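Okay, structure first, notes after.
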Amino acid sequence: MNESATPVQEGGKKPRSRNLLERPMQAVFTVCGFIAIAFVLLITVYLIISGLPAIREIGLWDFLFGTRWASTHKTDPAYGILPFILTSIYGTAGAILIGVPIGFFTAVYLAKVAPPRVAGVIRTAVDLLAGIPSVVYGLVGMMVLVPAIRETFDLAAGDSLLAAIIVLAVMILPSIISVSETALLAVPREYEEASLALGATELETYFRVSAPAAKSGIAAAVVLGVGRAIGEAMAILMVAGNVANMPSLFSSVRFLTTAIASEMSYASVGSLQRNALYSIGLVLFLFIMCINVVLNLFLKRDKEK
Amino acid sequence: MEKTASRSAGKSRVKNGNLSPRRRIYEIVMRALLYISSGLTVALLLFIIGTILVDGVPGLSWQFLTTQESVINDTNGILPAIQNTLYVIVVTLIIVLPLGVGAAIYLTEYAGNRRLVAAIEYATETLAGIPSILYALVGMLVFCQMMGLGKTLLAGSLTLVIMTLPTIIRTTQESLKTVPQSYREGALGLGAGRWHMIRTIVLPSSIDGIVTGCILAIGRIVGESAVLMFTAGMSMTMQDFFSSGGLIDSSGATLTVALYVYAKERADFKLAMSVAVVLLCITLCINLAAKLVGKRLKKK
């Protein structure tokens, strides 16, 4: 369409004042177009430049697989981030384990079963859940969840991996629901009609025909949830207790994100401690990039169908 | 219409009574799971809202909303936080709107190379997927340290520009795509230049999409905390934006950061809950606004 339009633009006789702006505006828009790429490059380059020095100083192996983090220890500081990596992985896995089934069933209900009015109410609820700021989730978690966990399991403190997992599960719920719902709605009606005609009940059809047909969209929802969960910082900073332990369900833990957030405000510029925080950022960035690649794979497969 | 018709047809075809016990159990279990999950989702929202309202509303007062905290009078107020939030919203939007809308226009109206468009769209998606704590890191490095802005609201806003850019680009692009191709061809055929055509035909018909983008961006800005904590500071005193240099030098906590400071550093949960009520109201308004604009968009 662009090619065919160009001759008109150049050939016609138009008032000069209009023409005068054409080229500069095209240049302006082109610059704007490239700005997203520029930002991505800027972020990548900065994270690599600032993240590498500490890794070089500590040693890649000791950094990634060291089990002790004691960045402020006076005589024997240690910078091993394995506890953070594992906590992030366990926390995300836990959140997915809880959030995906609930999200999936809600999406099926919304897309296929719910009467329009009920679906409208639930959709509004989901939108609102998506809009609540993460510190508010953290606050409610602090006030309700943490004491509840402390009392239920008779612990000294309720700030734990479990609390973080539950908060994360709630936080990823909206994106899982809305992405899977979109995928389920896109399933051709003929598939379902064929299944119904063969004698399957409605629910059998939705779970054994519609859901498998929408599986790459649902997979995308899960991957999106993984990305959200692994990147969340503030909410879990408030409920996870923030001690650099190896992860276990009832102990106070630190995630990759909260490791950065909790020490960034007091680590002095130029110190190894601060540089190590940048390196954690780099590790997190690599995680996110891998997730993005997987996500795009699923989305593309969905589009091709 | 068609959907409901065929659904009821499906029901009459297979009566539950004709099913084998195994299938009947499957039916019951699955239906129960559907209802439980959906109910749980709604219940969660109600529970969160309920908790916040019960604990937070008693602390609300006119004075809480319209003054700053005072140690002498022993009163609390979040006016500075409200002001800072507004500042961040306005400054971020002023910068990100031209950039984002411009990028969307380039993508839909100018770019001829399909690969290039794909690359830019991929970059936009990547930006959307980067967690805010990484934006905080980069913002701190680039705007606070490199550019020498220090921890200021301006540095925070600039970081948020990068963060909200994908939202603006995507929504604008969506609405530009809905402008019929024939409008463009008509304008160009009548001898309008491309920019003239965009200014008079394309932009006016996609204004709703741009407004939606703005609303979504405001939602993200209001909800953001990690970025602002590390780039915009956490002070809770009034800023004088109109003194000399006030627009550039001011630093302070927005509502979300204030909530965090109250909850985590001062352990004053009642106050934090009151801030949460304010945030909840804003979230509600943003959702409503987005819905209204969305409806108008659909009507067209």
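Quick look at the values:
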| item | result |
| --- | --- |
| Axial C-alpha extent at least 20 Å, average Kyte-Doolittle at least 0.0 - helices from chain A (DSSP) | A:16-58, A:82-108, A:116-131, A:161-185, A:215-231, A:272-304 |
| Exceeding the 32 Å Cα-Cα cut-off - candidates A:LYS112/B:LYS264; A:LYS215/B:LYS177; A:LYS74/B:LYS264; A:LYS112/B:LYS270 | A:LYS112/B:LYS264; A:LYS112/B:LYS270 |
| Cα-centred dipole magnitude for chain A, charges only on beta-carbon of K, R (+1) and D, E (-1), debye, nearest 20 | 880 |
| Solvent-accessible area of B:MET197 with every protein chain in place, 1.4 Å probe, in Å² to the nearest 10 | 0 |
| Sequence of B:MET30, B:MET273, B:MET146 from largest to smallest accessible area, 1.4 Å probe | B:MET146, B:MET30, B:MET273 |
| Burial order of peptide ranges B:185-192, B:74-81 (average beta-carbon count within 10 Å, highest first) | B:74-81, B:185-192 |
| Residue mean of other protein chain beta carbons inside 10 Å, A:228-239 | 4 |
| Sequence ranges A:236-242, A:67-73, B:121-127, ranked by mean other-Cβ count within 10 angstrom, highest first | A:236-242, B:121-127, A:67-73 |
| Interface burial for B against A (accessible surface, 1.4 Å probe, total of both chains, Å², rounded to 100) | 8600 |
| Which of A:PHE287, A:THR92, A:TYR46, positive extreme of dipole for chain A (C-beta unit charges) | A:TYR46 |
| Environment charge at B:ILE201 (Cβ cut-off 13 Å; Lys +1, Arg +1, Asp -1, Glu -1) | +1 |
| Options B:GLN83, B:TYR183, B:VAL96, ranked by Cα towards positive dipole end of chain B, top entry (Cβ charges) | B:TYR183 |
| Positive dipole terminus of the protein assembly as shown, leading residue within A:GLY66, A:MET143, B:SER206 (C-beta point charges) | B:SER206 |
| Shielded residues, the stretch B:179-206 - accessible-area loss of 40 Å² or more between chain alone and all protein chains, probe 1.4 Å | B:LEU188, B:GLY191, B:ARG194, B:TRP195, B:HIS196 |
| Which of A:PHE153, B:PHE269, A:PHE255 is most accessible, then next, and so on - probe 1.4 Å | A:PHE153, B:PHE269, A:PHE255 |
| Computed [θ] at 222 nm, helices only, for chain B once each DSSP H run of length n ≥ 4 contributes -39500 (n - 2.57) | -22500 deg cm²/dmol |
| Buried on assembly, the stretch B:57-106 (at least 40 Å² less accessible surface than by itself, 1.4 Å probe) | B:LEU99, B:TYR106 |
| Fraction of accessible area attributable to carbon and sulfur, the stretch B:80-198 (%, probe 1.4 Å) | 64 |
| Size of electric dipole in the stretch B:62-299: Cβ of Lys, Arg +1 and of Asp, Glu -1, about Cα centre, debye, nearest 20 | 900 |
| Spacing of the two label points (7 Å from each Cα toward its C-beta) at B:ASN113 and B:LYS291, in nm | 4.5 |
| Apportionment of accessible area to carbon and sulfur, chain A, percent (1.4 Å) | 66 |
| Quotient of C-alpha Rg and 2.2 N^0.38 Å, computed over the stretch A:81-304 | 1.16 |
| Additional length obtainable on full extension of the chain from A:ALA78 to A:ALA186, 0.36 nm per residue less Cα span | 33.7 nm |
| Compactness of the protein assembly as shown as Cα Rg over 2.2 N^0.38 Å, two decimals | 1.04 |
| Computed E for A:ILE49/B:TYR35 - FRET, C-beta separation, R0 56 angstrom, nearest 0.05 | 0.60 |
| 5 angstrom amide H check on A:ARG68, placed H, neighbours 5+ away | A:GLY80 |
| Heavy-atom accessible area per residue - chain B, 1.4 Å, Å² | 46 |
| Simple Cβ-charge dipole of the stretch A:14-70, Lys/Arg +1 and Asp/Glu -1, about Cα centre, in debye nearest 20 | 520 |
| Peptides A:77-90, B:276-289 ordered by average Cβ neighbours within 10 Å, highest first | A:77-90, B:276-289 |
| Karplus-derived 3J(HN,Hα), 6.51/-1.76/1.60, for each residue of the stretch B:79-95, Hz, glycine and proline x | 4, x, 5, 5, 4, 4, 4, 4, 4, 4, 4, 4, 4, 4, 5, 4, 7 |
| Most mobile of B:GLU69, B:GLU265, B:GLU27 in a GNM of chain B (Cα contacts under 10 Å) | B:GLU27 |
| Surface per residue (accessible, 1.4 Å probe) for the stretch A:14-70, Å² | 60 |
| Spacing of the two label points (7 Å from each Cα toward its C-beta) at B:ILE28 and A:ASN296, in nm | 5.0 |
| Inter-label distance, nm, simple model (7 Å from Cα along the C-beta direction), B:THR178/B:ASP268 | 4.5 |
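The values are calculated or read from the model by the stated rules, or taken from the named source; none is laboratory data. Model, not experiment: these values are computed from the prediction. We place every Cβ from the backbone using ideal geometry, glycine too, and count neighbours over all the protein chains shown. Just the protein is used for accessible areas: all its heavy atoms, side chains included, with ligands, DNA and RNA removed. Shrake-Rupley method; radii C 1.70, N 1.55, O 1.52, S 1.80 Å.
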